[in-house]
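Enquirer: Questions regarding the structure given below will be posed in turn.
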Amino acid sequence: MYLTRTRDFRRIGFVSTRFAGTDGVSLETEKWATVLGRMGFECFYYCGLSDRPAERTMLVEEAYFGHPDVAALQTLCFGVTERDEEITGEIHYLRQLLKKSLYGFIADFRVDLLVVENALSIPMNIPLGLAITEVIAETGMPAIGHHHDFFWERQRFLMSGVDDYLDMAFPPRLHSINHVVINTEARAQLGRRRGLSSTVIPNVYDFAARPRGIDEYNRTLRADLGMGEGDVLFLQPTRVIARKGIEHAIELASRLPERRVKLLVSHQERDEGSDYFRRIVEYAGFLKVDLVAGSPLLGSSRGARPDGGKIYDLWDCYANADLVTYPSAYEGFGNAFLEAVFYKKPLMVNRYSIFESDIEPIGFKTALMDTYITDETVRHVRRFLDEPELRREATERNFELGTRYFSYELLEQRLRTVIMNFGVVG
């Protein structure tokens, strides 16, 4: 057993498939680590892809969902109703490899508490989920399962040849795991489907920080995008995947013919393939909308391109945006929503279910769509663009509400409660 039971442990090990880039799980993990650091904890990382400090990270290639062997298993395990013996053998070969490395991670970094980031929620890496579950079961190690979304929320996971593994590990029923979800609907579903209680900790943002404005570096972004004086920049701060509803942002831009609108999709990741990317590029062409997606101008951090030009990051995009579009069909919570609120940008938002239940009742002022763009949506967006005082009042109000309900202070309070459930002094 690798766990020394004390009432004052201080070393926390984050575990996931990747901690890199600007996906929601990586961003939210960074926020948790920042707040836990302020609370006096030391944080370490186990994953298959990382941009975290190397001296605090154990990198195991097979933990990454994009590893060829893991990706091949995904293809063979979903969209079917059975699996053959060879697939089972490959799953358990990788499970054992990952399990051994997890024990090494716990021992090498003297980890007292595991925080499992979505690896026990979405079966992007089945062997990793099984390995984590067995390690926790065998050690009795305190663990927090931080669940951003569950497999039953994704159509592509509903038919599988691995239902036995999903029941075992996504998420598992173990006495030493405290489950954390990011919205109230997830809490209700986890209770109904698994009989597990959970704590809701919504996505948060450091509203006490200073947002990056237009500076010497990013003031050239619009020109580098080919924009002229008076052009309007719509920012779609998401990955290029179908549930993000980018076609609605394209339609919105097309319904403002009196303006020269450029729609910028900030993220480069295409975790679900390239079909949807091709679809939105073709759709933008049909509607004659100037779409920028997958641009070499954009990256996870500032830097230089091979031709010597600049690479701009997500925060440069926010600083330059005139409006943020967020027409997602589904979100576990909505990191991009909070980012736009923090940067005091007007928003066009689809009333996805979690927005409707957990965010909208708070009173944020946004241009809304409900499944599709309407004339009222367009009218509201046009007012945001044309009326500076309306825009200022809305964004200031949104920032105040974000500070009140989704701050680091709220995260610290909730984390302290969850950790105290282990009988730990924190």
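Enquirer: What residue, among those in the stretch 224-275 that are touching a strand residue (DSSP E or B) at 6+ places or on another chain (Cβ under 9 Å) and among the hydroxyl-bearing types (Ser, Thr, Tyr), is surrounded by the fewest Cβ atoms within 10 Å (Cβ to Cβ)?
Expert: Ser254
Enquirer: If the Cβ limit is 7 Å and pairs must be 6+ apart or interchain, which residue in the stretch 340-362 that is free of Cβ contacts under 8 Å to residues at least 24 places away in the same chain pairs with which residue that is part of a helix (DSSP H, G or I)?
Expert: Pairs that qualify, where the first residue is free of Cβ contacts under 8 Å to residues at least 24 places away in the same chain and the partner is part of a helix (DSSP H, G or I), are Val349/Phe337; Val349/Phe355; Arg351/Glu360.
Enquirer: Of the residues Ile122, Ile91, which is outside any strand (DSSP E or B), at negative phi, without any contact (Cβ under 8 Å) to a residue 60 or more places away in the chain and among the β-branched types (Val, Ile, Thr)?
Expert: One residue alone meets the criteria, Ile122.
Enquirer: Another question, if that's okay. State which residue is farthest from Leu401 (Cα to Cα) when the search covers only the stretch 339-361 and only residues that are of a type in the set (S, T, N, Q) and surrounded by fewer than 17 Cβ atoms within 10 Å (Cβ to Cβ).
Expert: It comes out as Ser353.
Enquirer: Further, regarding this structure: Which residues, taken from the stretch 188-206, are more than 18 Å from the chain's Cα centre (by Cα) and either surrounded by fewer than 21 Cβ atoms within 10 Å (Cβ to Cβ) or closer than 21 Å to Arg416 by Cβ (or both)?
Expert: Matches in the stretch 188-206: Ala188, Gln189, Gly191, Arg192, Arg193, Arg194, Gly195, Leu196, Ser197, Ser198, Thr199.
Enquirer: Residue check: is Pro211 in a loop (DSSP other than H, G, I, E, B) and buried (at least 20 other Cβ atoms within 10 Å of the Cβ)?
Expert: When the stated conditions are applied, Pro211 does not pass them.
Enquirer: Sticking with this structure for a sec: Does Pro211 fit the bill of being outside the structural domain of Cys77 (by TED's automatic domain parsing), within 28 Å of Asp358 (Cβ to Cβ) and touching a residue at least 40 places away in the same chain (Cβ under 8 Å)?
Expert: Criteria met by Pro211.
Enquirer: Follow-up. Pairs needed: first member in the stretch 95-115, free of Cβ contacts under 8 Å to residues at least 12 places away in the same chain; second member anywhere, among the hydrophobic types (A, V, I, L, M, F, W, C); C-beta distance under 9 Å; at least 6 residues apart or different chains.
Expert: Pairs found: Lys100/Ala131.
Enquirer: Oh, and also: Can you find, within the stretch 94-150, the residue that is nearest to Gly423 (Cα to Cα) among those that are surrounded by fewer than 24 Cβ atoms within 10 Å (Cβ to Cβ), among the charged types (D, E, K, R) and out of contact with any Gly (no Cβ under 7 Å at 6 or more places or on another chain)?
Expert: Top of the filtered list is Asp112.
Enquirer: Within the stretch 318-330, can one find any residue that is surrounded by 15 or more Cβ atoms within 10 Å (Cβ to Cβ) and at pLDDT below 95?
Expert: Yes, that holds for at least one residue.
Enquirer: Quick check: is even one residue across the stretch 362-378 among the charged types (D, E, K, R), surrounded by 16 or more Cβ atoms within 10 Å (Cβ to Cβ) and not in a helix (DSSP H, G or I)?
Expert: Yes; the residues of the stretch 362-378 include at least one that is among the charged types (D, E, K, R), surrounded by 16 or more Cβ atoms within 10 Å (Cβ to Cβ) and not in a helix (DSSP H, G or I).
Enquirer: How many residues does the stretch 111-161 contain that are within 16 Å of Phe14 (Cα to Cα) and among the hydroxyl-bearing types (Ser, Thr, Tyr)?
Expert: Qualifying residue count for the region: 2.
Enquirer: Now a separate question. Which residues, taken from the stretch 237-266, are within 14 Å of Asp290 (Cβ to Cβ) and free of Cβ contacts under 8 Å to residues at least 40 places away in the same chain?
Expert: Result: Ala253, Ser254, Pro257, Arg260, Val261, Lys262, Val265.
Enquirer: Turning to a different aspect of this structure: Do we have Asp167 as assigned to a helix (DSSP H, G or I) and either among the charged types (D, E, K, R) or touching a strand residue (DSSP E or B) at 6+ places or on another chain (Cβ under 9 Å) (or both) here?
Expert: Yes; evaluated as a whole, the condition is true for this residue.
Enquirer: Among the strands (runs of 3 or more DSSP E) lying completely within the stretch 261-329, list those that include at least 1 residues that are in the same structural domain as Ala367 (by TED's automatic domain parsing) and closer than 20 Å to Val341 by Cα.
Expert: By residue number, 261-265, 323-326.
Enquirer: Counting only residues that are in a loop (DSSP other than H, G, I, E, B), of a type outside the set (Lys, Arg) and in contact with a Leu (Cβ under 7 Å, 6 or more places away or on another chain), how many does the stretch 11-38 have?
Expert: Summing the residues that are in a loop (DSSP other than H, G, I, E, B), of a type outside the set (Lys, Arg) and in contact with a Leu (Cβ under 7 Å, 6 or more places away or on another chain) in the stretch 11-38 gives 3.
Enquirer: Another question, then. Say whether the condition of being within 26 Å of the chain's Cα centre (by Cα) and polar (S, T, N, Q) is met by at least one residue in the stretch 240-258.
Expert: no
Enquirer: Looking only at residues in the stretch 214-236 that are outside any strand (DSSP E or B) and among the hydrophobic types (A, V, I, L, M, F, W, C), which one is nearest to Val292 (Cα to Cα)?
Expert: Leu225
Enquirer: So which of Ala119, Ala107, Ala143 ends up being at pLDDT 95 or above and either of a type in the set (Phe, Trp, Tyr) or over 26 Å from the mean Cα position of the chain (by Cα) (or both)?
Expert: It is Ala107.
The values are calculated or read from the model by the stated rules, or taken from the named source; none is laboratory data. None of these values were measured; they are calculated from a predicted model. Cβ coordinates were reconstructed from backbone atoms using ideal geometry, including for glycine residues, and neighbour counts include every protein chain displayed.
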